1. What residue, of ARG154, ARG211, ARG200, is among the basic types (Lys, Arg) and either without any contact (Cβ under 8 Å) to a residue 12 or more places away in the chain or open to solvent by less than 80 Å² (accessible area, probe 1.4 Å) (or both)?
2. Taking the criterion of being over 30 Å from GLU249 (Cβ atoms) and in a helix (DSSP H, G or I), would at least one residue in the stretch 122-130 satisfy it?
3. Could you tell me which residue of the stretch 234-258 is least open to solvent (accessible area, probe 1.4 Å), considering only residues that are under 23 Å from GLY61 (Cβ atoms) and not in a strand (DSSP E or B)?
4. Looking at the stretch 157-186 only, could you name the residues that are in contact with a helix residue (DSSP H, G or I) (Cβ under 7 Å, 6 or more places away or on another chain), open to solvent by 70 Å² or more (accessible area, probe 1.4 Å) and within 22 Å of GLN202 (Cβ to Cβ)?
5. What about ASN220, is it open to solvent by 70 Å² or more (accessible area, probe 1.4 Å) and touching a Phe, Trp or Tyr at 6+ places or on another chain (Cβ under 6 Å)?
6. Residues of the stretch 142-178 being within 16 Å of GLY194 (Cβ to Cβ) and of a type in the set (S, T, N, Q), which ones?
7. List every residue pair whose Cβ atoms lie under 6 Å apart, where the two residues are 6 or more positions apart in sequence or sit on different chains, the first residue falls within the stretch 11-24 and is open to solvent by 40 Å² or more (accessible area, probe 1.4 Å), and the second residue, located anywhere, is in a strand (DSSP E or B).
8. When you look at ILE262, is it among the aliphatic types (A, V, I, L, M), in contact (Cβ under 8 Å) with a residue 40 or more places away in the chain and open to solvent by 70 Å² or more (accessible area, probe 1.4 Å), yes or no?
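The values are calculated or read from the model by the stated rules, or taken from the named source; none is laboratory data. Keep in mind the model is a prediction, meaning the values are calculated, not measured. As a convention, Cβ positions derive from the backbone with ideal geometry for all residues, glycine included, and neighbour counts pool all protein chains shown. Heads up: the accessible areas ignore ligands, DNA and RNA and are worked out on the full protein's heavy atoms, side chains in. Shrake-Rupley method; radii C 1.70, N 1.55, O 1.52, S 1.80 Å.
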Amino acid sequence: CWGQTPKSMTLNVLVVEDGERGTGDCHGKASLKLWGALDGDLLKAAQFRLGAKSEGLIAKGTLVVEDAVAGYALANEGIDLVLPVSAFKSSRKPTTGMHTLDVVLGVVAWSKSLPYRIGWQILQWFSWETVEADLLPRVEVLADQLLEATTDTRTLVDYLKLDAAEFELPILDIFLANEHGLLNQHPYLVWKIGSMLQRRWQDLALGAGQRWTGLMGLPNDLLPDNVIATNDVPVGEVIVTRFPLRSWEDLQAWHNVGGADIHRGVVYM
């Protein structure tokens, strides 16, 4: 899924070894001029895809504005984009140095702090005693609240709207605007509300109703092992995972030191 329509452009791309010019594993830097062409926000990072058909090159990874965070003036050097070798995923990799490329460049997503539901893939790695002590009491409270909300349609709709997904909001708005109740028994609307209710019960059953914070990961080799830096969660001990979760090694306890530059919706590690 693309966050915006990919754009065709000619770019001066500086290819460097990983770690040079502030790059990292699949992480590059863009000029202010390029960022403007992408309608980028200086406070956000971008997950990108790039293709240069003539050279047979494909690249992917994350970007931030080098001018904004490191004091470099890429435009003064005639550079639009700095990419590490690791960002190139095709069998052919470019040599280090400057390349002028006709590319198609698109942003898949901009960094954003998003709540997401955890599931059994994460909970399976905790002991039953931990789940019983720390999560089941919370599940019981949430289940009671959900049961109470089902006693009245309007109360239920108000409850569902507290954490409704974007695609659910129009249906809930129809119910809330339906002052005389003429649409409350419409088969489609009843089915949609029932599906939303079912999803909440399933969420309690599989993930204990837990919400974690989803962030875009960026490399920072200056940080010690098992330390992250983000402004989007409290400083201190945190449980860090990745998506998708592959094994127990993807679920670890790390320490957040905060102070992650100016960016939002990102986690440096």
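1. Being among the basic types (Lys, Arg) and either without any contact (Cβ under 8 Å) to a residue 12 or more places away in the chain or open to solvent by less than 80 Å² (accessible area, probe 1.4 Å) (or both) holds for just one of ARG154, ARG211, ARG200, which is ARG200.
2. Within the stretch 122-130, none of the residues are over 30 Å from GLU249 (Cβ atoms) and in a helix (DSSP H, G or I).
3. Looking at residues that are under 23 Å from GLY61 (Cβ atoms) and not in a strand (DSSP E or B), I get ASP250.
4. Scanning the stretch 157-186 gives a single hit, LYS161.
5. Against the criterion (open to solvent by 70 Å² or more (accessible area, probe 1.4 Å) and touching a Phe, Trp or Tyr at 6+ places or on another chain (Cβ under 6 Å)), ASN220 does not qualify.
6. Passing the criteria: THR150, THR151, THR153, THR155.
7. Partner pairs satisfying both residue conditions: ASN12/THR100; ASP18/PRO84; ARG21/VAL82; GLY22/LYS29.
8. Working: among the aliphatic types (A, V, I, L, M): yes; in contact (Cβ under 8 Å) with a residue 40 or more places away in the chain: yes; open to solvent by 70 Å² or more (accessible area, probe 1.4 Å): yes.
In short, yes.
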